[in-house]
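To start, the structure itself, in structure tokens.
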Amino acid sequence: ALSRQATEQQPARLIAWPELAIQGDLFQDLRLVSEVSKIAIDTGTYFVIGTSQRSKASQTPPGGRKKLNSAYVISPQGAVVGRYHKLRLFPFGEYVPYREFVPWPAQYRAFDDTVPGTEQTLLEIEGIRFASLICWEPIFPDFVRTFVRGGARFILNISDEAWFGDTQAPYQMLSMNVFRAVENGIAIARAANTGLSVFIDPHGRITGRVATNGKELFVEGFLT
């Protein structure tokens, strides 16, 4: 509904939804594929969505294959035209570090169900290449720099920060994006499921925020 409302108010060429906005395997659920594609077709825009996909190449743990944390580009015709699989996984949220050496408690081991991608893939719409970095990946300056050197014209950061709650952690994540924008002279857009969703210009200035009555976390809205 927000996507349709946004494009009715002001035409756009790209809609971005946050990390893991789609709860389900986009390419094994035909109903889900149809619903997502219909939004892109109806709004006439490219569509970047965060979703998880089961990895066919990974070892099979109890309960099924491990999954990838991914960003997919859907064209205005409803076809998948690009994908990026998250490379820098979040410790204890997506994998358990040094599990072969450290006997972590069972509640930590339960989170070890995600595998990293293998390529620093740039996405592209209408000849413009960009990076869709996921979650905390913009924290790493050298990592971000490789995407810019590879030809990224802007950066999209999709993120799921609900588990931080209404704390200062999302603001710390935002501040890291500001530094990356300044270092690389590149604009950054953030789409976070509970905030902070913002536009940052190449000088590090925040030029737009999703906010309701001065509140920026756990609110509904969109930016164009």
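Rule-based calculations on the coordinates, nothing more; no lab input. Model, not experiment: these values are computed from the prediction. Quick reminder, even Gly has a Cβ in these numbers, built from the backbone with ideal geometry, and neighbours come from all protein chains shown.
For G117, list long-range residues whose amide hydrogen, built 1.01 Å from N in the peptide plane, is under 5 Å from its own amide hydrogen.
Excluding prolines and chain starts, which carry no amide H, the hits are K86, L87.
For the residue pair Q9 and F140, what label-to-label distance in nm results when each label sits 7 Å from Cα along the Cα-to-beta-carbon direction?
3.6 nm
Tell me, in nm to one decimal, what length is gained between A106 and D42 on full extension, where the rule is 0.36 nm per residue of separation less the Cα-Cα distance?
18.5 nm
Could you check which residue among T121, T194, T212 shows the biggest mean-square fluctuation in a GNM of the chain with a 10 Å Cα cutoff?
Most flexible of the set in this elastic network: T212.
If packing is taken as the mean number of other Cβ atoms within 10 Å per residue, what is the order of 36-43, 133-140, highest first?
Most protected by this proxy first, the peptides run 133-140, 36-43.
Placing unit charges on C-beta atoms (Lys and Arg positive, Asp and Glu negative, everything else neutral), compute the dipole magnitude of the chain about its Cα centre in debye, rounded to 20.
About 340 debye.
Tell me whether the range 109-224 comes out rounded, prolate or oblate; compute the Cα gyration tensor, take square roots of the eigenvalues as a ≥ b ≥ c, and use a/c under 1.5 as the rounded threshold.
Note, shape of the range 109-224 comes out oblate.
Say a paramagnetic label sat at a point 7 Å from the Cα of H203, along Cα to Cβ; which residues of the range 162-193 have their backbone N under 17 Å from it?
Output list for this probe position: 178-188.
Quick one: net charge around L196, please, counting Lys, Arg +1 and Asp, Glu -1 for every other residue with C-beta under 9 Å from its C-beta.
Counting the neighbours of L196, the net charge comes to 0.
Restricting the count to DSSP beta bridges whose residues both fall in the chain, what percent are antiparallel, rounded to a multiple of 5?
Expressed as a percentage, antiparallel bridges in the chain total about 55.
Determine the equivalent ellipsoid of the chain by diagonalising the alpha-carbon gyration tensor, then write out the semi-axes as square roots of 5 times the eigenvalues, largest first, rounded to whole Å.
27, 22, 18
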